[in-house]
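Participant: My structure is below; once you've seen it, I'll send some questions.
The values are calculated or read from the model by the stated rules, or taken from the named source; none is laboratory data. Since this is a predicted model, take the numbers as computed values, not measurements. Glycine also receives a Cβ, built like all others from the backbone with ideal geometry; neighbour counts cover every protein chain displayed.
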Amino acid sequence: MKTIYFDNNATTRVADEVAEEIQPFFCELYGNPSSMHTFGGQVGRVIRKAREQVAELLGCDPSDIFFTSGGTESDNTAINGVLAAVPNRHKIITSRVEHPAVLTVCREMQNHGYTVVEIAVDKAGQLDPAELEEQIDDDTALVTIMYANNETGVIFPVEKVSELATEKGVFFHTDAVQAVGKIPLNLSKSNIDLLSLSGHKLHAPKGVGVLYVRKGTRMLPFMLGGHQEAGRRAGTENVPGIVGLGKACELAARNISQENEKVKYLRDKLEKALLEKCPDSRLNGDKENRLPNTTNISFEYVEGEAILLMLDKYGICASSGSACTSGSLEPSHVLRAMGVPFTAAHGSIRFSLSRYNTEEEVDYTIQKTPPIINRLRELSPFVTR
Amino acid sequence: MWEYTDKVRDHFFNPRNVGEIENPDGVGEVGSLACGDALKLTFSLDKNGKIEDARFKTFGCASAIATSSVLTEMIKGMTIEEAAKVTNRDIADYLGGLPEQKMHCSVMGREALEAAIENYRTGGRKKHELEGKVVCTCFGVTENEIERVIRENNITTVEGVTNYCKAGGGCGGCKPEIEKIIERLQGAKIKEETVLVPPKPRKLTNIQKIQLIQQTINEQIRPALRADGGNIELIDVIGNKVIVAFRGMCAQCRLTEFTMKDVVEAKLKEFVSKELFVEESKDSANEPHNHRG
């Protein structure tokens with residue numbers, strides 16, 4: 001059975017070009033970039049190239065790029081590193097819909113005397129910069145707001161928010177794991193101080209990421225024990241991962257317009273058809289300010305895990321904000337923060353596309369999904385017909 | 001991804017006995033949309049008093065649907081007395097097992113069956129009624145129900161109780177109460193866990209004392225308040241006077257004084273020094289009301 005992969009916000013396939021680029025760094029060019037000999041030293045050059053490729057995509061200086069093990073490490077480093085560098089301030093501002101890699105870290109800081117303000121979102125999953133501005137005070141050490149939400153694809157007014165933070169002399173971090181490679185960014189014209197990205201969300205391998213740190217941002221190193229990454233992140237470099245991420249960024253820069261045309265067209269077609277063909281379905285999130293690849297649809301009166309399993313039978317991969325899929329008993333904190341009623345939150349399905357998806361796959365999914373919803377509704381005691 | 005047995009998958013993809021019997025002899029309805037799963041079970045009896053037909057309608061995940069389907073198969077041909085003896089274990093075993101976190105689905109099946117039998121016996125067309133004190137307000141689970149799943153499934157942890165009947169799986173505020181119920185019923189079976197022993201009294205420097213107060217608040221007090229959506233902040237320590245501020249739900253709670261005296265002061269006396277006493281910072285009452293969730 002063919003796999004139809006609509007779960008690209010969870011992870012992506014490694015691009016063929018990326019896999020090819022990485023290959024020599026396992027058995028041939030396996031030297032340590034820190035070594036004095038030519039054999040190792042030549043690897044240092046490819047890391048430099050990868051750094052430039054990432055910087056090119058982000059529109060920043062290569063020396064501001066620090067390689068990490070992924071988005072979660074970047075988020076942890078950014079938050080803990082900044083807080084440690086400004087010990088006299090004790091307030092963190094974030095949002096209620098952040099990824100756990102940010103939200104859990106912030107909440108943990110409450111145990112260390114920090115006050116954490118979680119900005120609410122409206123029904124569309126959008127936050128109000130004015131509300132955030134009111135919260136910024138002399139005690140605020142860090143504002144951390146995600147660039148785009150992983151569950152709904154909603155894009156936040158990060159440029160505006162970073163401007164507000166900068167005006168008041170407060171550091172601004174953004175978890176841009178879902179945004180990088182999908183929408184154009186230009187950090188040279190932005191007030192963002194720190195930005196996290198993850199390789200495996202943009203067709204690079206798992207286990208590699210980046211923390212962008214604007215020059216002049218005070219931050220303590222997070223990993224000690226070596227001089228790598230300018231002393232900010234010790235440890236021998238994950239060379240294949242870094243090479244792959246560099247290549248993936250180069251490809252992303254080249255494909256970003258395609259991402260916004262072809263992928264968006266496919267997403268819109270899928271979304272429109274499902275909302276039309278399935279009664280009692282609704283879109284979750286701001287329709288306008290949204291990633292081109294993500295749609296989050298609630299099918300009322302049915303449960304997400306059951307839908308996923310039925311889709312899985314046809315080889316269709318998606319994800320759900322329902323309680324049952326996570327192992328917890330409560331549905332997605334993002335949908336709940338948006339005030340999506342329980343009836344709809346339990347039946348939410350996220351389809352996230354990539355440039356590898358085809359129109360044929362979309363058509364197949366449009367054909368298979370509505371009967372699944374109908375079938376589950378026939379089982380549901382809440383539907384009488 | 002959940003590891004479901006082939007039998008679970010079979011009953012999910014090909015559910016048996018879907019629907020509702022017209023003029024049934026027994027109807028049982030449990031669960032709700034908010035809880036994430038719900039089941040309506042109907043059955044009819046033949047002239048010998050055996051269950052002739054059973055049908056279900058279920059909203060829920062794959063294991064909830066499979067559990068309902070298999071339940072209808074199991075009880076067909078049973079007398080009411082036999083059906084009344086079916087436990088959630090029997091249902092789960094019939095399916096070749098369920099993932100631990102999904103055991104509550106089997107409990108829902110048993111509850112629906114009980115409600116239907118109750119309906120047959122008393123004739124009242126009422127929903128499964130809450131008996132006894134409600135412990136978990138998020139999912140509406142009573143003490144009786146919690147005691148029952150503990151006994152029938154030999155549960156010794158709060159996590160286990162949550163897996164089997166959802167209690168404690170929402171805000172988590174009832175976890176201490178569930179712990180007490182487990183202790184009462186399972187006392188001897190609970191594995192001895194390392195308990196934090198209060199340190200022996202010793203002479204503390206000012207800095208050590210303040211650090212110990214902060215540590216005690218972080219580790220002993222805040223988690224308990226957090227469970228109820230509240231928070232606490234250490235404002236100052238002047239001599240033996242500890243000034244704290246309550247945040248979130250605690251700030252407006254009418255029981256603030258009770259919480260403060262009972263929890264904070266007792267813990268600080270226990271872990272730091274018997275001489276300590278607690279006062280609430282005056283500004284803390286004016287804090288915004290930060291509801292969680």
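Participant: Looking only at the range B:13-67, count every residue that is of a type in the set (Asp, Glu), at the interface with chain A (Cβ under 10 Å from one of its Cβ atoms) and either within 16 Å of B:MET78 (Cα to Cα) or in a loop (DSSP other than H, G, I, E, B) (or both) and tell me the total.
Facilitator: 1
Participant: If you go through the range A:366-385, how many residues are farther than 14 Å from A:LYS277 by Cα and polar (S, T, N, Q)?
Facilitator: Total meeting the criteria: 2.
Participant: For the range A:289-321, which residues satisfy the criterion of being of a type in the set (Ser, Thr, Tyr), within 14 Å of another protein chain (Cβ to nearest Cβ) and in contact (Cβ under 8 Å) with a residue 60 or more places away in the chain?
Facilitator: Scanning the range A:289-321 gives A:TYR301, A:TYR314, A:SER319.
Participant: State which residue is farthest from A:SER319 (Cα to Cα) when the search covers only the range A:277-298 and only residues that are among the charged types (D, E, K, R) and out of contact with any Pro (no Cβ under 9 Å at 6 or more places or on another chain).
Facilitator: Across the range A:277-298, the extreme among qualifying residues is A:GLU288.
Participant: Something else: Suppose we filter the range B:41-67 for residues that are surrounded by fewer than 24 Cβ atoms within 10 Å (Cβ to Cβ) and within 27 Å of A:SER320 (Cα to Cα); how many remain?
Facilitator: Total meeting the criteria: 1.
Participant: What are the residues in the range B:181-230 that are surrounded by fewer than 13 Cβ atoms within 10 Å (Cβ to Cβ), farther than 22 Å from A:GLY113 by Cα and either within 14 Å of chain A (Cβ to nearest Cβ) or at pLDDT 85 or above (or both), if any?
Facilitator: Hits for the range B:181-230 are B:GLU183, B:ARG184.
Participant: Considering each of A:LEU291, A:LEU335, A:LEU353, A:LEU329 in turn, give the residue that is under 18 Å from the mean Cα position of the chain (by Cα) and at pLDDT below 95.
Facilitator: Exactly one residue qualifies, and that residue is A:LEU335.
Participant: Taking the criterion of being surrounded by 22 or more Cβ atoms within 10 Å (Cβ to Cβ) and within 14 Å of chain B (Cβ to nearest Cβ), would at least one residue in the range A:348-361 satisfy it?
Facilitator: yes
Participant: Within the range B:91-109, how many residues are within 22 Å of B:LYS50 (Cα to Cα) and buried (at least 24 other Cβ atoms within 10 Å of the Cβ)?
Facilitator: 2
Participant: Of the residues that make up the range B:118-136, is at least one within 14 Å of chain A (Cβ to nearest Cβ), under 26 Å from B:PRO176 (Cβ atoms), touching a Cys at 6+ places or on another chain (Cβ under 9 Å) and modelled with pLDDT under 90?
Facilitator: Within the range B:118-136, one or more residues are within 14 Å of chain A (Cβ to nearest Cβ), under 26 Å from B:PRO176 (Cβ atoms), touching a Cys at 6+ places or on another chain (Cβ under 9 Å) and modelled with pLDDT under 90.
Participant: Moving to a separate point now. Looking at (1) over 21 Å from the mean Cα position of the chain (by Cα); (2) more than 14 Å from chain B (Cβ to nearest Cβ); (3) of a type in the set (Asp, Glu), which one does A:ASP268 not meet, given that it meets all the others?
Facilitator: A:ASP268 satisfies every listed condition except (1).
Participant: Related question: Among residues belonging to the range A:176-193 that are touching a strand residue (DSSP E or B) at 6+ places or on another chain (Cβ under 9 Å) and outside any loop (DSSP other than H, G, I, E, B), point out the one that is nearest to A:ASN150 (Cα to Cα).
Facilitator: Filtering first and then ranking leaves A:VAL180.
Yes or no, residue by residue, for (1) of a type in the set (A, V, I, L, M, F, W, C); (2) closer than 25 Å to B:ARG222 by Cβ; (3) free of Cβ contacts under 8 Å to residues at least 24 places away in the same chain; (4) assigned to a loop (DSSP other than H, G, I, E, B):
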position: A:ARG107; (1), (2), (3), (4): no, yes, yes, no
position: A:ASN111; (1), (2), (3), (4): no, yes, yes, no
position: A:VAL116; (1), (2), (3), (4): yes, yes, no, no
position: A:LYS123; (1), (2), (3), (4): no, no, no, yes
position: A:GLN126; (1), (2), (3), (4): no, no, no, yes
position: A:GLU134; (1), (2), (3), (4): no, no, yes, no
position: A:THR152; (1), (2), (3), (4): no, no, no, yes
position: A:GLU159; (1), (2), (3), (4): no, no, no, no
